[in-house]
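Notes follow the structure.
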Amino acid sequence: MGFFLHFRVILCSKVAIMRNKGRKLLLWETNCIFLIFVYQLSYGSMIFIPPQPLACFRTIRWILLMVIFFVACREATPPKQPTLTSGQEGKGGRVYGGTLQLSEVQFPQTLFPAAITDVGSSHLANQVYEGLVRLDPVTLNIRPGVAKSWEIDSSGTVYTFRLKPNVYFHDDSCFPKGKGRKLVAEDVAYSIQLLCTPQPQNLLFNSTVKEHLVGATDYHDSFPANEDTEAPKVALSGVEVLNDSTLQLRLKQPYFSFIYTLAHTPLAIIPREAVKAYGTDTYIGTGPFMLGSIPDFSGNRLVLHRNTNYHGRDTLGNQLPFLDSIVIHLTDTRNSTLSEIVESNYHIINQLPSESVTRLVEEELQSFQSGKPKFIVSREPEMGTHYYQFNLTSETLKNPKVRMALNYAVNRVRLINDILKGDAKGPGHYGITPPIYPDYETIHLFGYQHDPEKARQLLTEAGYPNGEGFPILELKINDNGYKNTNVAIEIQNQLRDVLGIHIDIEVIPFEQKLSDMRLARGDIFRTTWLADYPSPESFLSLFYGKHVPASTEEPSFPNSTRYVNAEFDALFEKAMRAQTRSESLGYLMQAEQILIDDAPVLVLWYKENYKLIHADVRNFFTNALDVRDYSEVYFRSVRKIERKG
């Protein structure tokens, strides 16, 4: 129920009793000009007028205080959104309602922004949280998030953001009366401070703001060690709150990719109240969908509900999101039969094996030819790379000739044809960066082709002729269906046949593999990296030496290989300081060739993703970064679909 505040100045010289639809307005006689305060609700009105001039001024002061009170109360509550019912049609024929059923092969691990390093968690977080800006799922360009606009000064180092006025956090018991409050600039500052706070779960400070934001390192290092306090000794000087709706960020030097960093999950904005209530289990944001409680990541199902107070609208002016809810299912589609996949009633199936796609097209050829298919198959090369990374603190793997020998020994083409059944963009014959950027020609990089003779020669030069005296290496892979295991067994066989060496394979849970990798507990680790933003820099940042801690007792991320090369670092820093993308890519290309020559990783193949999308789903866009935005997804028609089983 809304209310209005009205002010009028009138001159009265007599007593008047006015009747307006049964409501009385009483005016006392006075010779002064005075103020009438009207508080109008849907059920009536009130007008108050003081009888004397002095009282008039006192009342004005009282009125102003009341105005402040009422406005404050009004700001604490989100603006009432229109009531949307399932099946209701919006502008452009876009239909509200329905539950989207998603099939995923990798389940989220955490929703704490500074700890999100896996794809599953990132996809979930992007529906629950928002940052100042976000990536457009169609163009991968930067779009407004909670910021309505921003400016970059002529020096390229001062970013000024102005926030949208109607952004509210999800309703939750961590707020008074369970109502989400309005997001203000202080929340943005708090979230950045949290990212700069040293704690075990904070894994992304190094790769986001450490090298760029003024005062970030000083703030991070100012927390007293081994003291029972959360207070830093210095302020985060690069972040300044100008007012509730305006924030300024200052960089050490120009960095044209910084705006993309702000769209990355670690820079998501979360409220202080949620962190106080739930710690690193926080799940409260401003996104289009919300969780009702702390999510259980140990199961195989998560449910997201529509945020009825969401601020977003589509280009037609429709209130977002359209969907009532989203259900995320953890399923192993690689081990499922085609009939199980088709009859599962999932609306979107991610990472479908290419062989299943081939069978599906063959069996559904008639419906495809008729123009009325049940499903749409999306094949999207991605900015992602599958590789094995070496622990460079291992005495055996410290030798670059050993690492190069392993690279030359693996037949990647056979791996793709015989094991993956073509489920890849191409063999990893170049560097860590996939050949997907039109302005970054990886074909000019000299990588590793299958060359058994050269592999044996390098291993001999390393002191292990025919593999004699070579220690058994430990390869750790996560338990993600048959593919990881079968690939590992094939590589195990190839290394034995070509080099005469043996590796042990250990299959462990995904979260354990991440922990072991960061703490250098093992020799070789299976890894996949999907870029955070559309630039080769996102891949090469994984090897920046200044991110490596001095002690192996400390976790190293994102440089979990612990690779350090001063020449590589110098070129990478030049790329970050470059004024144009073209200049930056030139430095990155030089740095990547150095990386290839040093061989801290064994690149296997470049990523490609098949998705199966139900024909009733609208506005779901695929892209090379696998950025997911379900806020504008809707069904052609809403009908109840019960999942079998």
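Odds and ends about this structure:
- Total residues in the stretch 495-518, condition out of contact with any helix residue (DSSP H, G or I) (no Cβ under 6 Å at 6 or more places or on another chain), part of a helix (DSSP H, G or I) and not small (Gly, Ala, Ser): 10
- For the stretch 465-477, the set of residues classified as outside any helix (DSSP H, G or I) and either touching a Ser or Thr at 6+ places or on another chain (Cβ under 6 Å) or open to solvent by 10 Å² or more (accessible area, probe 1.4 Å) (or both) consists of GLU468, GLY469, PHE470, PRO471, ILE472, GLU474, LYS476, listed by residue number.
- Residue among LEU420, LEU473, LEU459 that alone is touching a residue at least 40 places away in the same chain (Cβ under 8 Å), closer than 22 Å to LEU392 by Cα and in contact with a strand residue (DSSP E or B) (Cβ under 8 Å, 6 or more places away or on another chain): LEU473
- Residue check, ARG301 more than 19 Å from the chain's Cα centre (by Cα), basic (Lys, Arg) and modelled with pLDDT under 95: yes
- Index of the failed condition, GLY431 passing every other in (1) under 22 Å from LEU499 (Cβ atoms); (2) in contact with a Leu (Cβ under 8 Å, 6 or more places away or on another chain): (1)
- Residue among PRO266, PRO288, PRO254, PRO232 that alone is open to solvent by 20 Å² or more (accessible area, probe 1.4 Å) and either touching a Leu at 6+ places or on another chain (Cβ under 8 Å) or farther than 30 Å from SER149 by Cα (or both): PRO232
- The residue that is farthest from SER538 (Cα to Cα), counting only those in the stretch 167-192 that are assigned to a helix (DSSP H, G or I) and open to solvent by less than 50 Å² (accessible area, probe 1.4 Å), is GLY178.
- Residue in the stretch 438-448 that is closer than 29 Å to ALA591 by Cα, open to solvent by 60 Å² or more (accessible area, probe 1.4 Å) and not in a loop (DSSP other than H, G, I, E, B) present: yes
- Test for SER354: is it under 30 Å from ILE613 (Cα atoms), buried (at least 18 other Cβ atoms within 10 Å of the Cβ), at pLDDT below 95 and not basic (Lys, Arg): no
- In the stretch 198-229, the residues that are open to solvent by less than 30 Å² (accessible area, probe 1.4 Å) and in contact (Cβ under 8 Å) with a residue 40 or more places away in the chain: ASN202, LEU203, LEU204, PHE205, THR208, VAL209, HIS212
- Applying a threshold of 7 Å to beta carbon distances and a minimum spacing of six or more residues, or different chains, the list of pairs starting in the stretch 484-513 at a residue that is within 24 Å of GLY422 (Cβ to Cβ) and hydroxyl-bearing (Ser, Thr, Tyr) and ending at one that is open to solvent by less than 10 Å² (accessible area, probe 1.4 Å) and outside any helix (DSSP H, G or I) reads THR485/ILE477.
- Residue within the stretch 535-547 that is surrounded by fewer than 18 Cβ atoms within 10 Å (Cβ to Cβ) and at pLDDT below 95 present: yes
- Residue, farthest from the chain's Cα centre (by Cα), within the stretch 559-613, restricted to residues that are part of a loop (DSSP other than H, G, I, E, B) and surrounded by 22 or more Cβ atoms within 10 Å (Cβ to Cβ): ALA599
- Given (1) in contact (Cβ under 8 Å) with a residue 60 or more places away in the chain; (2) more than 26 Å from GLU608 (Cα to Cα), index of the condition GLU583 fails: (1)
- Matching residues, the stretch 385-437, being touching a Ser or Thr at 6+ places or on another chain (Cβ under 7 Å), among the hydrophobic types (A, V, I, L, M, F, W, C), open to solvent by less than 20 Å² (accessible area, probe 1.4 Å) and in a loop (DSSP other than H, G, I, E, B): ILE432
The values are calculated or read from the model by the stated rules, or taken from the named source; none is laboratory data. Predicted model, so just to flag it, every value in this text is computed and none were measured. Using ideal geometry, Cβ is built from the backbone for each residue, glycine included, and neighbour counts are taken over all protein chains shown. These accessible areas exclude ligands, DNA and RNA; they are computed on the full protein's heavy atoms, side chains included. Shrake-Rupley method; radii C 1.70, N 1.55, O 1.52, S 1.80 Å.
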